Amino acid sequence: MKRFAGLSLTLLLSLSNAFSAAKFPFPQQYKYTNGIMPAGVSHTHVQTVYDIWLKEFYDEQGDLARIKFDNPSQTVSEGIGYGMLIMVYMDNADNNTQPKFDKLWNYWKKYPSSGSLMHWKINGFGNVAETGSATDGDIDAAHALILAASQWGDERYLSGAKAIMSAMRQGDISNNVLDGGDNWNSINPSYMSTAATQLFQEVDAGGNWSTVQSGCYSHLKNNQNGSTGMWPNWTSGGVGGCPGCYGFDAARTPWRLGWAYVWYGHADAKSCCTKIVDWFKSNTDDEPGKIGQIYNLNGSINTGAGGSSDNIPTFLGPLVVAGMVDSKFQSWVDKGYTRLRSFGGSNDKYYNECIELLTMLLLSGNMPDITKVQPKTIATLTVKVSPDSAGIVTVSPQKSSYTRGESVTITAASADTSRYAFIGWSGDYEGAAANATLNLFCDMSVTATFKDRLAQDCVDDCEDGNARTFLKTSWFTFNDSASGGKSTVTPLTTSKAGFKMTEGGYNSEYAAKISYKLDKGGFSGDPFVGIGFMMDQGSDPVDISKSTGIRFYYKGTFGDTTCGLKIECGKVTEAGANYSYYLKPNSSWKEVNITWDDFQQPKWAKQPVKLDLTVITKLQWQIQGKSGSTGELWLDEIHLIGFLIEQPIATGPRATAEGGFMDRFGCRQAGGNLFVDYSCAQSGRVDFSLYDLTGRLVRHLMRDFRDAGDHAASFDITGAELSNGNYIIRLKTAGGSSARRLAVNR
């Protein structure tokens, strides 16, 4: 488990001096009583989005905290409500969100409008910018406080919720319908959180919330377009641009209704959601990634109000949640969830990031009604093997379910040791040891990945020092000069200057390295540089569909930038919209194993397409971010897992390489020395390297010049890192390369 593998249940449930342990620590991953769930959900997806959201938008000052608005110097009550909901559900020993929740609540109380409601816009931690409450913030804050009382067992939260509900009854309701706030009576459908009104009725039975809920459903049904199922931003009065559009306000309505259905099974919520999802499925060819933004109620995009075909979380997430109401929408929900989690980039708009995180929490089963459900006491473990027949995973103890927090040992073993070797675990746990112990404090899914030894999948180990991969394709570097930027990258390849490897590789002599400085210049976007290599041979794309992913070593700190590995697919025709995977900064060498399923198209892609691994033209690492950023990126030992690049390793006492560049290559061992006999068909540089059976470099043995003819070499193999066992020794000469297996027994 990526983030929590080393934590015990005791740690997760430990008490701090000032705050209570979460009764429902993240992740919970419930299956709701009503509706469906997307396939392939993982708490790690939610944690990634939360980490970015927290870094970009959460701001503290003393005992106060706020959520930065689109104008970062301001905060709106709506954002405080979102933040309080998020903190309730993200709490665990690692995230420690209760203190953050309390600081957000303190901020709410510092700026009272009427009663316990909050003025809707504030200048940072200073004065009120615009007076009067906004009902969406009011209802979410009260809802969050009720949930907080169940999460942390503190009655002061419930008292705070009741105070807000009392003020809402006086200022936020007109004719039994939730209106715009305590200073205006305009009606906004997206303020009508019927999951909240249901809970309010249970907490505040005398508040007549069931009548308000009925009034809201009547209003929603009466104002839903009969053809498209959309609502306007405002059904009366209204503020902002295009109050009659299905815009940034109205886009939240399907989220609130889907939420009410999965919690309580409201029939009205299901019928409203079904109507709008039916229309969008039909008009996007069942592709949630084609949902645009700002629609007229007849279904056309209102370009005059800023609408476009751009796919963003605000419009995508709620419509995916709405699909949870019926099993006929399963493919819509599955594809929508996959698309939504690809929006995890930083520096996005406040509204997008909040809606993305809230809908991801609900979709992943991490937003249950904790006033009713019991804390999860069991967890499940799903184990997969890649490739399917390559190995076996033993689980001890083997059970259909486990006590939450129970330790489980997983052991991976090759199905055929002469062919397959274990590489590492991926999914909810990452590690390179074949034997691992997990603490199952939530449902987990892990995959054991094996290397096919007959598939020589090393694209480049960088040790020949030149700009050619083993695919006989070229390395290259690039910058943003063609777009008006002034970023620099060293070395910069041109038609006359090829790439050269740099000394100081991972456990070897050479690696691919670039140094850079980002400079925006006249470029309208974020400046960028990069390094990569071509995959196409001639003009033909490469089919790597039999590979399961990519493995390599890297190091780089990145600073105020991101580093994304991009895979260029011939089916992606939209400029810059290729699939990417973002690396975390590391100041020392780190090995990563990435499956192709982990790659996502960028959040701004207007024409999302499925990744087609049969038409790959290049792989490149792109660094992008703040102007003035400087740094380095190092790469080494790049493998396409399971992809056949060279001929199988010979098993006899001598190996003859294709093309006859050598006529003998024999090895023998005596004590702590390895003796090699070989011959070269032509004069040139000779390299010897030792690898383990997964293809990982163990030690670079020799690099020297040799004349054509027969030769002998000896190597000391007494190093501490070299234990007894099977290895591969690889010989490269000016004419080609060959390898053979070697058993070390000292």
Within segment 27-81, strands (runs of 3 or more DSSP E) holding 3 or more residues that are not hydroxyl-bearing (Ser, Thr, Tyr): 58-61, 64-67
Failed condition for Lys328, given (1) within 20 Å of Asp598 (Cα to Cα); (2) without any contact (Cβ under 8 Å) to a residue 60 or more places away in the chain: (1)
Identity of the residue in segment 294-313, at pLDDT below 95 and buried (at least 21 other Cβ atoms within 10 Å of the Cβ), that ends up farthest from the chain's Cα centre (by Cα): Asn311
Considering only segment 378-398, state which residues are touching a residue at least 12 places away in the same chain (Cβ under 8 Å) and assigned to a loop (DSSP other than H, G, I, E, B). Thr380, Pro387, Ser389, Ala390
Tell me which residues, restricted to segment 616-643, are at pLDDT 90 or above and hydrophobic (A, V, I, L, M, F, W, C). Ile616, Leu619, Trp621, Ile623, Leu633, Trp634, Leu635, Ile638, Leu640
I'd like to check something: does segment 472-481 contain any residue that is in contact with a helix residue (DSSP H, G or I) (Cβ under 9 Å, 6 or more places away or on another chain), at pLDDT 90 or above and in a loop (DSSP other than H, G, I, E, B)? no
Has segment 538-547 got any residue that is more than 30 Å from Ser309 (Cβ to Cβ) and part of a strand (DSSP E or B)? yes
When segment 399-412 is examined, which residues are found to be surrounded by 15 or more Cβ atoms within 10 Å (Cβ to Cβ), among the small types (Gly, Ala, Ser) and not in a loop (DSSP other than H, G, I, E, B)? Ala412
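Residue by residue, here is whether (1) crowded, with 24+ Cβ neighbours inside 10 Å; (2) under 20 Å from Thr371 (Cα atoms); (3) of a type in the set (Asp, Glu) holds:
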site: Ser73; (1), (2), (3): no, no, no
site: Pro112; (1), (2), (3): no, no, no
site: His119; (1), (2), (3): yes, no, no
site: Ala134; (1), (2), (3): yes, no, no
site: Ala142; (1), (2), (3): yes, yes, no
site: Ser150; (1), (2), (3): no, yes, no
Among the residues of segment 657-673, is there at least one that is more than 20 Å from Arg468 (Cα to Cα) and at pLDDT 75 or above? no
Given the conditions (1) of a type outside the set (Gly, Ala, Ser); (2) touching a residue at least 60 places away in the same chain (Cβ under 8 Å); (3) surrounded by fewer than 20 Cβ atoms within 10 Å (Cβ to Cβ), and given that Gln201 satisfies all but one, which numbered condition is not satisfied? (2)
Sole exception among (1) assigned to a helix (DSSP H, G or I); (2) touching a strand residue (DSSP E or B) at 6+ places or on another chain (Cβ under 6 Å); (3) not hydroxyl-bearing (Ser, Thr, Tyr) for Lys275, by number: (2)
If we keep just the residues of segment 335-377 that are without any contact (Cβ under 8 Å) to a residue 60 or more places away in the chain and over 24 Å from Pro608 (Cβ atoms), which is surrounded by the most Cβ atoms within 10 Å (Cβ to Cβ)? Lys372
Since Ile122 meets every condition but one in (1) closer than 24 Å to Val239 by Cα; (2) part of a helix (DSSP H, G or I); (3) among the β-branched types (Val, Ile, Thr), which condition does it not meet? (2)
Among residues of segment 709-746 being under 43 Å from the mean Cα position of the chain (by Cα), at pLDDT 75 or above and aliphatic (A, V, I, L, M), the residue surrounded by the fewest Cβ atoms within 10 Å (Cβ to Cβ) is Ile728
For segment 548-570, the count of residues that are part of a strand (DSSP E or B) and farther than 21 Å from Phe450 by Cβ equals 12
Can you tell me which residue is nearest to Gly465 (Cα to Cα) among those in segment 693-708 that are among the aliphatic types (A, V, I, L, M) and at pLDDT below 75? Leu697
Any chance you could count how many residues in segment 282-319 are free of Cβ contacts under 8 Å to residues at least 60 places away in the same chain, in contact with an Asp or Glu (Cβ under 9 Å, 6 or more places away or on another chain) and either farther than 15 Å from Tyr246 by Cα or not hydrophobic (A, V, I, L, M, F, W, C) (or both)? 2
Residues being touching a Cys at 6+ places or on another chain (Cβ under 7 Å) and closer than 14 Å to Leu178 by Cα: count how many of those fall in segment 198-224. 1
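This table checks each residue for (1) part of a loop (DSSP other than H, G, I, E, B); (2) within 28 Å of Lys372 (Cβ to Cβ).
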site: Gly241; (1), (2): yes, no
site: Thr253; (1), (2): no, yes
site: Gly258; (1), (2): no, yes
site: Tyr261; (1), (2): no, yes
site: Ser271; (1), (2): no, yes
site: Trp279; (1), (2): no, no
site: Ser282; (1), (2): no, no
site: Asp285; (1), (2): yes, no
site: Asp310; (1), (2): yes, no
Residues in segment 234-249: is at least one aliphatic (A, V, I, L, M) and in contact with a strand residue (DSSP E or B) (Cβ under 8 Å, 6 or more places away or on another chain)? no
For Glu287, only one of the following conditions fails: (1) buried (at least 16 other Cβ atoms within 10 Å of the Cβ); (2) farther than 21 Å from Lys349 by Cα; (3) at pLDDT 95 or above. What is its number? (3)
Mind checking which residues of segment 147-188 are more than 21 Å from Gly244 (Cα to Cα), within 37 Å of the chain's Cα centre (by Cα) and outside any helix (DSSP H, G or I)? Gly153, Asp154
Check whether at least one residue in segment 356-377 is over 18 Å from Ala39 (Cα atoms), in a loop (DSSP other than H, G, I, E, B), out of contact with any Pro (no Cβ under 6 Å at 6 or more places or on another chain) and of a type in the set (Gly, Ala, Ser), and report yes or no. no
Return yes or no: is Gly530 within 14 Å of Leu635 (Cβ to Cβ) and either loosely packed, with under 15 Cβ neighbours inside 10 Å or in contact (Cβ under 8 Å) with a residue 60 or more places away in the chain (or both)? yes
Can you tell me how many residues within segment 559-588 are surrounded by 14 or more Cβ atoms within 10 Å (Cβ to Cβ), of a type in the set (S, T, N, Q) and closer than 23 Å to Asp543 by Cβ? 2
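The values are calculated or read from the model by the stated rules, or taken from the named source; none is laboratory data. Fair warning: this is a prediction, and the values are worked out from it, not measured in the lab. In this analysis, Cβ positions are derived from the backbone assuming ideal geometry, glycine residues included, and neighbour counts consider all displayed protein chains.
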